[in-house]
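S.K.: Can you read through this structure? Questions will come right after.
The values are calculated or read from the model by the stated rules, or taken from the named source; none is laboratory data. What you see is a predicted model, and the numbers here were worked out from it, not measured in a lab. Virtual Cβ from ideal backbone geometry, glycine too; neighbours counted across all protein chains shown. Just the protein is used for accessible areas: all its heavy atoms, side chains included, with ligands, DNA and RNA removed. Shrake-Rupley method; radii C 1.70, N 1.55, O 1.52, S 1.80 Å.
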Amino acid sequence: MMFRAREGDRVMEASRRRLPFFQSLTLAFAIAFAFSAFIYIDYFALPHIAAVETLLALGAYYGLLAAPRRTVLQAGFLIGIFWFYWIGFSFRYYGMPWAMPLMTLLFGVVYLLYFGVLALSEHPFIRAVLLFGLTYVAPMGFNWMVPELPLLHSYLGFEKWQFALILVALAAVATLKTPLRFGALLLLAGAYAPAYTPPSPPPLKIKLAATAVPQELKWEPSNRMPTILGNFARIDDAAQEGYDLIILPESVFPLFLNKAPELIEELKARSEKIAIVTGALLFEDGNNYNVTYFFHNGKMEVAKKMVLVPFGEYIPLPKWLGGWVNEVVFDGASDYLAADHPTDFLLGGTLFRNAVCYEATTDALFAGNPAYMIAISNNAWFTPSIEPTLQRLLMTYYARRHHTLIFHVANAAGTGIIE
């Protein structure tokens, strides 16, 4: 009789966890919304209220630990769309606008599978271990899904040990069946994060020279000379205004700059008055590089990009399949090559770590915890969307983890000092 009673309890518990489809979807939407709200708060320039974002983050994590399996799968799909619906926007510039919604759905499925790992168990503590493990997983080499990121503007810290403590507290609440279970939330006090103090700014006057060139015009031959003249005008204006350094965006000179010696000489001449950091391409030994050029006191340095964008600058697939994708999707373009170490620029006794776009959202570029970083981007591929917002939030996450001040300059959107 005791066995039958316990079996009956298990059946009733399983029945309670099989929510009707639309009820499950509603709960999944609530979890995904709570997990993603901080991005849209930032995007719409709403105030970051730490108490609100703390509750939203905790609610999202609790939902992922305690919701029925189907709900977790639905929430993963929605989170993938809320965070990455914009991924396919670049396909409009390859003549395949029809692929945009397909890419959105694809990333929904990718993160359904990513968070779907949690559905392997319904035990909150096992899910907590799995969710913590997901912080080390980057699907297809793309690392912009950071499960700790919703804590960025909360009262709680986002270091690994703090995230682990948060998950343990929430798993305990979800597992225990007595009112005393809420005492486990006292563990959250151990994850409290005091207000962040950024590094002091360098003793230099720095001009962040944002541009707004639409992607469809960026590489048009007829637009090349107006773009170049506009760049020179920005440099000259900044020099006249007494700036020590001007930073221009990624690929703001839309060409292989090392194959244009006359432009290099113009930039070297101007660098006698003001240091110049600018993005362009480099062709060397038959290979393409996405690089930063640094001109100072009539000399030139080149910093090659170290971390490439998956599917944007290289294809993370077997060679035979990657070659087919390059041929069909990217008109036979070759993958870019990457450097094997980060590059620092020295200006006025101050070292700046160089980063090109995606690199500034990877731990590899913060090796040694540099005090200052120059990051350049071209976000015109994905605007208008939340992409520049998510990029800025990720750079803030890495800047605070490594105590780095980032000077970010972008084409289209995202320019600013990140601390």
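S.K.: Using only the Cα atoms of region 7-130, what are the Rg and Dmax in Å?
M.R.: 16.7, 59
S.K.: I would also like to ask the following. For region 29-40, what does the Karplus curve 6.51 cos²θ - 1.76 cosθ + 1.60, with θ = phi - 60°, yield as ³J(HN,Hα) per residue in whole Hz, taken in order and with x for Gly and Pro?
M.R.: With coefficients 6.51, -1.76 and 1.60, one gets 4, 4, 5, 5, 5, 4, 6, 10, 4, 4, 5, 6 Hz.
S.K.: Whole number please: convex hull volume per residue, Cα atoms of region 118-206, in Å³.
M.R.: 124
S.K.: Through the Karplus equation 6.51 cos²θ - 1.76 cosθ + 1.60, θ set to phi - 60°, convert the phi angles of region 279-292 into ³J(HN,Hα) values in whole Hz; use x for Gly and Pro.
M.R.: Computed from phi, the couplings for region 279-292 are x, 6, 9, 10, 10, 8, 6, x, 10, 9, 9, 9, 9, 10 Hz.
S.K.: Have a look at Val72, Val52, Thr175 and report the one farthest towards the positive end of the charge dipole of the chain, computed about the Cα centre with Cβ charges (Lys/Arg +1, Asp/Glu -1).
M.R.: Sorting the options by dipole projection puts first Thr175.
S.K.: In whole Hz, what ³J(HN,Hα) sequence does region 172-184 give by Karplus (6.51, -1.76, 1.60; θ = phi - 60°), x for Gly and Pro?
M.R.: 3J(HN,Hα) across region 172-184, in whole Hz: 5, 4, 6, 8, 5, 10, 10, x, 5, 4, 5, x, 5.
S.K.: Only one of the listed values, (1) 22.1; (2) 22.8; (3) 23.4, was derived from the coordinates as Kirkwood radius over Cα pairs in Å; which label is it?
M.R.: Comparing each candidate, only (3) matches the computed number.
S.K.: Have a look at Pro20, Pro68, Pro214 and tell me which one the Gaussian network model of the chain (Cα, springs below 10 Å) gives the largest fluctuation.
M.R.: Sorting by GNM fluctuation, first place goes to Pro20.
S.K.: Can you list the residues, at least 5 places off or on another chain, whose amide H is less than 5 Å from the amide H of Leu347, using H built in the peptide plane?
M.R.: Phe352
S.K.: Continuing with the same structure: Would you list which lysines come within 26 Å of Lys205, measuring only between C-alpha atoms, while excluding same-chain residues fewer than 8 positions from it?
M.R.: Those lysines meeting the cut-off are Lys268, Lys273, Lys299, Lys304, Lys305.
S.K.: For Asn288, what residues show an amide H to amide H distance below 5 Å, using hydrogens built from the backbone and excluding near sequence neighbours?
M.R.: When sequence neighbours closer than 5 places are left aside, the close amide H contacts are Leu337.
S.K.: Most fluctuating residue of Thr104, Thr54, Thr350 in a GNM of the chain with Cα springs under 10 Å: which is it?
M.R.: Most flexible of the set in this elastic network: Thr350.
S.K.: For region 29-70 and region 340-419, write down the distance between their C-alpha centroids in whole Å.
M.R.: Spelled out, the Cα-based centre of one part sits 25 Å from the other.
S.K.: For the chain, what does the helix formula give at 222 nm: sum of -39500 (n - 2.57) over DSSP H segments with n ≥ 4, over the residue count, nearest 500 deg cm²/dmol?
M.R.: The per-residue figure over the chain is -14000 deg cm²/dmol.
S.K.: Can you list residues from other chains, or at least 5 along the same chain, whose modelled amide H is less than 5 Å from the amide H of Met300?
M.R.: none
S.K.: Keeping the other protein chains in place, figure out the carbon and sulfur percent of the accessible area of region 343-419, with a 1.4 Å probe.
M.R.: Carbon-and-sulfur percentage of accessible area, whole number: 54.
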